[in-house]
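Student: Please see the structure below; I have some questions.
What follows draws every value from the coordinates through simple rules; no lab data is involved. Values in this document were obtained by computation on a predicted structure and should not be read as measured data. Because the Cβ atoms are built from the backbone with ideal geometry, glycine has one as well, and the counts that use them run over all protein chains shown.
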Amino acid sequence: MELKKNQMIELDITGYTAEGSGVGRYDGIAVFVPMAAAGDRLSVKILKTAKRYAFGKVERILSPSADRIPSDCPQFSRCGGCTYRHIGYEAECKAKQQRVQAAIERIAGFHFAVLNPIVCAEEANHYRNKAQLPIGGGQGGEIDLGFYASHSHRIIDCSQCLLQPDVFAAAMDAFREWQSHTHEDIYDEKTGRGHLRHFFLRLAEATGEVMVCIVVNGNGVHHEPELVELLKKKVPGLKSVVINSNRERTNVILGPKCRTVWGQDTITDELCGLKFRISPLSFYQVNRRQAERLYGLAAEYAGLSGGETVLDLYCGTGTIGLSMAKKAGKIIGVEIVPQAVEDAKRNAEENGIRNAEFLCMDAAKAADMLKNRGEKPDVVIIDPPRKGCEEALIHCIAKMAPPRVVYVSCGPETLARDLKRFALLGYKTMQVTPVDLFPRTAHVETIIMMTYCGDKGKK
């Protein structure tokens, strides 16, 4: 039976998509429904159809799932920031565990018992140490400051996000008050005119230091001293106020140029016993406590005894490799972003780490170069973007034949594809552990340990 737009159906939700929508089947057709919970029976209105699937929205809950809870955020149904505020956190973690298992079984073809229980967060709220808030023009002259609605550039105004620390709400209040007094104009994406683009916040959780960065279409804003005074008055731990210039008509949030208006150029946090200086342009994990647990697993899977050479590909600012430096003979970090490499070198120097080298290169080319210069890594760590590893990089790693590979993934589906490729080159997957770095969203990290067995095609 073919579904039609605006048709009303009754649907049992049996699981979740990778994006966190509920999914059920109607006469063999998969129907995807946002904000549905596995176990729900729903009245669903069909919004869009294709040959084998359709999209719908919840019209009425006929029988709620045992996992369903009232949302604790008034903006949840409109804001694109959270996915799972309508189910309990235990159910959310179960869904993420199932997503990782399904991807590895379906795509990699692995059916084994090494999938460890997901490492859930101890705190599912207030964990984010970074916020990038678009600025828009609200009705009545006030500004909209919040988050984009799902799949749009429509800003949902939000005075306090449950994923963020309370100090961010205080900074937002100060910024709103300043703009209401100064009437600083707001950037218009369509025309490319106006100044205020984004309000960017960072918190160093261990030290309590706060950075406020205003992204502008220009070199600065009017009445900067007044803004600084309001922020100093209302924001506990304020250490830095920065203007970031972004004149490009682009969706990229930050431009390349920063100017410190008041205070320090950076704030300092502590992670895995090391100190890291953070600028607006630095990469840093947004969930510090869960990142420490993730890096702890990475160190455990690396199995270092003190003399090993560790090759850290896609190393960013060096956090994973540097956290292992005391247990390794040598760390070689590779990253293609020049600013990140400079940050990694600085982080090593400021923590007194002398056995770390950082190269600004493409990961595959670096792996090939290191092989040619005779480097024989004992452990390779890879933490690629969501698209996963280039196939050429996997072949370069396999040619170096490190006894262990530790893979940190933010995309279960591309991870599964890459594990299959590694298996064909002689690597056996020994450990798989999902880690929830982003509670209440659909994202899940996974950390993998592979060992070289030398038998082609052995899983």
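Student: Could you work out the percent of alpha carbon pairs in the chain separated by over 33 Å, rounded to a whole number?
Tutor: Details: 46564 of 105111 pairs.
Cα-Cα pairs of the chain separated by over 33 Å account for 44 percent.
Student: Output needed for the stretch 130-278: three equivalent-ellipsoid semi-axes, defined as square roots of 5 times the C-alpha gyration tensor eigenvalues, in descending order, whole Å. All intermediate terms of the calculation are to be shown ahead of the outcome.
Tutor: Working: eigenvalues 114, 55, 52 Å².
Largest first, the stretch 130-278 gives 24, 17, 16 Å.
Student: Then there is this: Is there a quick way to get the dipole size of the chain? I mean about its Cα centre, with the Cβ of Lys and Arg at +1 and of Asp and Glu at -1; what is the value in debye to the nearest 20?
Tutor: Numbers: 60 positive and 55 negative charges, 262 e Å.
For the chain, the charge dipole is close to 1260 debye.
Student: About the Cα centre of the stretch 8-68, what is the dipole size in debye to 20, counting +1 per Lys and Arg Cβ and -1 per Asp and Glu Cβ, all else neutral? Could you put the intermediate results ahead of the total?
Tutor: Numbers: 9 positive and 7 negative charges, 46 e Å.
Taking the Cα centre of the stretch 8-68 as origin, the dipole is about 220 debye.
Student: Only bridges whose two residues both fall in the chain count here: according to DSSP, what percent of them are antiparallel, nearest 5?
Tutor: Working: 66 of 97 bridges.
Just about 70 percent of them are antiparallel.
Student: How would you rank 271, 227, 115, going from fewest to most other Cβ atoms within 10 Å of each one's own Cβ?
Tutor: Working: 271 21, 227 25, 115 18.
Exposure proxy ranking, most exposed first: 115, 271, 227.
Student: While we're here: What is the gain in length, in nm to one decimal, between residue 365 and residue 72 on full extension, counting 0.36 nm per residue of separation less the C-alpha to C-alpha distance?
Tutor: Residue separation times 0.36 nm, minus the Cα-Cα distance, leaves 100.7 nm.
Student: To the nearest 0.05, what FRET efficiency results for residue 181 and residue 159 with a Förster distance of 25 Å applied to their C-beta separation? Walk me through the numbers before you get to the answer.
Tutor: On the way: r = 18 Å, r/R0 = 0.72.
Between residue 181 and residue 159 the formula returns 0.90.
Student: Another one. Considering only lysines 8 or more places apart in sequence, or on different chains, count the pairs in the stretch 130-278 whose C-alpha atoms sit under 24 Å apart.
Tutor: So the count works out to 10.
Student: Okay, moving on. Based only on other Cβ atoms within 10 Å, what is the fewest-to-most ordering of 8, 211? Please report the intermediate quantities before stating the final value.
Tutor: Values: 8 11, 211 26.
With the fewest neighbours first, 8, 211 line up as 8, 211.
Student: Just want the ordering: 408, 435, 310, 114, from fewest to most Cβ atoms lying within 10 Å of their own Cβ.
Tutor: Values: 408 21, 435 24, 310 27, 114 14.
Going from least to most buried by this count: 114, 408, 435, 310.
Student: Might you report the magnitude of the Cβ-based charge dipole of the stretch 25-113 about its Cα centre, with Lys and Arg at +1 and Asp and Glu at -1, to the nearest 20 debye?
Tutor: Working: 15 positive and 8 negative charges, 80 e Å.
Value, rounded to 20: 380 debye.
Student: Just name one of 21, 43, 8: the one whose Cα is farthest towards the positive end of the charge dipole of the stretch 8-68 (beta-carbon charges, Lys/Arg +1, Asp/Glu -1).
Tutor: Result: 8, furthest along the dipole toward the positive end.
Student: Does the stretch 345-459 come out rounded, prolate or oblate, given a ≥ b ≥ c as the square roots of the eigenvalues of its C-alpha gyration tensor, rounded meaning a/c under 1.5 and, failing that, prolate meaning a/b above b/c?
Tutor: Details: a/c = 1.79, a/b = 1.07, b/c = 1.68.
Here the stretch 345-459 falls in the oblate category.
Student: If you take the Cα Rg of the stretch 1-136 and divide it by 2.2 N^0.38 Å, with N the number of residues, what do you get?
Tutor: Values: Rg = 16.6 Å, N = 136, 2.2 N^0.38 = 14.2 Å.
Normalised Cα radius of gyration, the stretch 1-136: 1.17.
Student: Place a label point 7 angstrom from the Cα of residue 253 along the Cα-to-Cβ direction, then list the residues of the stretch 59-90 whose backbone nitrogen is under 15 Å away.
Tutor: The answer is 80-82.
Student: I want to verify the translational diffusion coefficient of the stretch 272-320 in µm²/s; compute it with Stokes-Einstein, Rh as the Kirkwood radius over Cα pairs, at 10 °C and 1.306 mPa s. Could the numbers behind the result be given before it?
Tutor: Numbers: Rh = 12.3 Å.
Rounded to a whole number, D works out at 129 µm²/s.
Student: Additional query: Any chance you could run the full-extension gain for residue 355 through residue 102? It's 0.36 nm times the residue separation minus the Cα-Cα distance, nm to one decimal. Each step should come with its number before you reach the end.
Tutor: Details: separation 253, 0.36 × 253 = 91.08 nm, distance 3.98 nm.
Full extension of this stretch gives 87.1 nm more.
Student: With a length cut of 20 Å (Cα positions projected on each helix's long axis) and a Kyte-Doolittle mean of at least -0.5, go through the chain and give me the DSSP H helices that pass. Walk me through the numbers before you get to the answer.
Tutor: Values: long enough: 89-103 (21 Å, -1.15); 166-182 (25 Å, -0.31); 288-302 (21 Å, -0.81).
Correct list, ordered by number: 166-182.
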